[in-house]
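Below you'll find the structure, written out as structure tokens, and then a few comments.
The values are calculated or read from the model by the stated rules, or taken from the named source; none is laboratory data. Since we're looking at a predicted model, the values are computed, not measured. Virtual Cβ from ideal backbone geometry, glycine too; neighbours counted across all protein chains shown. Only protein heavy atoms, including side chains, enter the accessible area calculation; ligands, DNA and RNA are left aside. Shrake-Rupley method; radii C 1.70, N 1.55, O 1.52, S 1.80 Å.
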Amino acid sequence: MSFEEIDLFGVYVAPLSLILVGAWFVTIALRRLASRSGLLRYVWHPALFMFAVYIVVLSFWILVVAKLSSS
């Protein structure tokens with residue numbers, strides 16, 4: 001399994017950096033959804049909870065990209 005650099009407007013960027021940004025945007029959307037639904041009121045430490053959600057989303061996207069690149 002190898003990730004190749006992505007040419008972004010003439011600058012080669014590691015694919016992990018794009019995955020990090022994408023996971024961050026997904027986490028922002030999930031945080032807004034959790035806040036509106038009232039889920040964050042029941043969490044002991046909302047910042048720690050959202051960090052864990054970010055790690056789960058990031059891990060999911062890395063596994064998906066790795067699976068797609070190996071095929």
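Take the alpha carbon atoms of region 42-56, find their center, do the same for region 1-41, and report the distance between the two centers in whole angstrom. Region 42-56 and region 1-41 have Cα centres spaced 16 Å from each other. Computed over protein heavy atoms with a 1.4 Å probe, the accessible surface of region 1-59 works out to 79 Å² per residue.
Toward the positive end of the charge dipole of the chain, with +1 on the Cβ of Lys and Arg and -1 on the Cβ of Asp and Glu, the farthest Cα among S35, G22, S70 is that of S35. Helix 15-37 and the longest principal axis of the C-alpha atoms of the chain enclose an angle of approximately 20°. Computed packing ranks the peptides 19-28, 39-48 as 19-28, 39-48, most packed first, by mean other Cβ atoms within 10 Å.
Sum up the charges of everything whose Cβ sits under 13 Å from the Cβ of L18, counting Lys and Arg as +1 and Asp and Glu as -1, but leave L18 out. With Lys, Arg at +1 and Asp, Glu at -1, the net is -3. Report in % the part of the accessible area of the chain that belongs to carbon and sulfur, leaving out ligands and nucleic acids; probe 1.4 Å. Reported share for carbon and sulfur atoms: 70 percent.
In the chain, helices alone account for a calculated mean residue ellipticity at 222 nm of -24000 deg cm²/dmol, with every DSSP H run of four or more residues adding -39,500 (n - 2.57). Relative to the longest principal axis of the Cα atoms of the chain, the long axis of helix 46-70 makes an angle of roughly 30 degrees.
Only one of (1) 19, 35, 22, 14, 8, 3, 0; (2) 12, 26, 16, 21, 19, 6; (3) 19, 39, 26, 14, 2 was calculated from the structure for P(r) over Cα pairs in 10 Å bins from 0, in percent, and its label is (3).
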